[in-house]
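What follows is a short report on a single structure.
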Amino acid sequence: MKDITENEMSLEFLSKSNNEAFARVTVAAFVSQLDPTIEELSDIKTAVSEAVTNCIIHGYEDTQGIIKIKCKIFAGSVHIEISDNGKGIKDIEEAKAPLFTTKPNLERSGMGFTIMESFMDDMQVESIVGLGTKVTMKKLIRCKDELCTNTTE
Amino acid sequence: MNVKYNTEDKLLVLELTEEIDHHSTEKIRRRADYEIQRHMPRKAIFDFNGVTFMDSAGIGMVIGRYKMVSMLGGKVSMINVKPSVKKVFEMSGILKIIPIEECA
């Protein structure tokens with residue numbers, strides 16, 4: 001079994017809203033070595049932006065902390081882990097429900113997790129109240145190389 | 001954001017010129033609300049021509065402005081929405097109440 005990680009990067013930054021663009025653009029630049037389509041890249045950017053925004057407005061709320069992103073390129077897919085040491089989520093299922101938001105006053109639509117789930121191939125949330133939240137996402141980048149025929153279409 | 005207003009038609013065009021996320025919506029919201037309250041348009045159009053990225057923050061931003069314009073008796077629509085941005089709107093179902101038009 002060929003089971004080697006092909007590439008990896010990690011990123012740490014302050015939970016400031018102007019880092020939302022920095023985070024998604026950096027992840028997109030890293031993923032671009034897999035030669036994704038414009039749509040795949042845009043899906044990843046959107047999902048990263050949602051996860052990072054959640055860390056900022058929910059995880060750290062009015063405080064400031066560190067957001068960590070780990071990104072692995074592995075067997076033609078990208079694995080992204082975004083975590084904070086913020087307040088955590090009490091009820092993950094409720095948080096994931098479409099249109100659920102604890103911040104309607106900030107005009108939040110409650111679509112963040114729904115978008116991450118549908119724009120990526122897999123999305124998992126782990127959270128401990130008082131310790132933080134970790135979102136793990138995976139997306140398969142379709143191989144456009146004709147020599148590469150054994151991909152799951 | 002560039003703003004155009006046609007007094008005769010009471011038509012307000014809000015040309016969005018940047019990536020739309022939680023960070024940028026603060027500024028867009030403040031400016032759009034100011035223009036809406038100032039002109040009380042019969043129709044407000046969001047022009048997305050300059051928008052290459054949008055996440056779910058854009059959904060809340062558009063719905064918020066829609067509420068304000070509707071309250072003042074006007075209508076809201078969107079133009080020049082790129083496929084990646086449209087995909088985010090489609091997730092939310094708001095295109096049923098705030099339609100995308102072919103052109104202004």
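Please go through segment A:101-129 and pick out each residue that is in a loop (DSSP other than H, G, I, E, B), more than 10 Å from every other protein chain (Cβ to nearest Cβ) and open to solvent by less than 70 Å² (accessible area, probe 1.4 Å).
Within segment A:101-129, A:120 is the sole residue that qualifies.
Among the strands (runs of 3 or more DSSP E) confined to chain B, the ones with at least 2 residues that are β-branched (Val, Ile, Thr) and farther than 30 Å from residue A:15 by Cβ are located at B:75-79. Output the residue which, of all residues in segment A:27-70 that are assigned to a strand (DSSP E or B) and closer than 14 Å to residue A:16 by Cα, is least open to solvent (accessible area, probe 1.4 Å). Only one residue fits best here, namely A:67.
Taking the conditions (1) within 21 Å of residue A:140 (Cβ to Cβ); (2) away from chain B (no Cβ under 14 Å); (3) touching a residue at least 24 places away in the same chain (Cβ under 8 Å) in turn, residue A:32 satisfies each one other than (3). State yes or no: is residue B:24 within 14 Å of chain A (Cβ to nearest Cβ), over 11 Å from the mean Cα position of the chain (by Cα) and either surrounded by fewer than 14 Cβ atoms within 10 Å (Cβ to Cβ) or within 25 Å of residue B:93 (Cβ to Cβ) (or both)? Spelling it out, residue B:24 is indeed within 14 Å of chain A (Cβ to nearest Cβ), over 11 Å from the mean Cα position of the chain (by Cα) and either surrounded by fewer than 14 Cβ atoms within 10 Å (Cβ to Cβ) or within 25 Å of residue B:93 (Cβ to Cβ) (or both).
Taken together, the criteria exclude residue A:92 from residues that are open to solvent by less than 10 Å² (accessible area, probe 1.4 Å), touching a residue at least 12 places away in the same chain (Cβ under 8 Å) and either away from chain B (no Cβ under 14 Å) or not small (Gly, Ala, Ser) (or both).
The values are calculated or read from the model by the stated rules, or taken from the named source; none is laboratory data. Since the structure is predicted, the reported quantities are computational estimates derived from the model, not experimental observations. Cβ coordinates were reconstructed from backbone atoms using ideal geometry, including for glycine residues, and neighbour counts include every protein chain displayed. Calculation scope for accessible area: heavy atoms of the full protein, side chains included, ligands and nucleic acids excluded. Shrake-Rupley method; radii C 1.70, N 1.55, O 1.52, S 1.80 Å.
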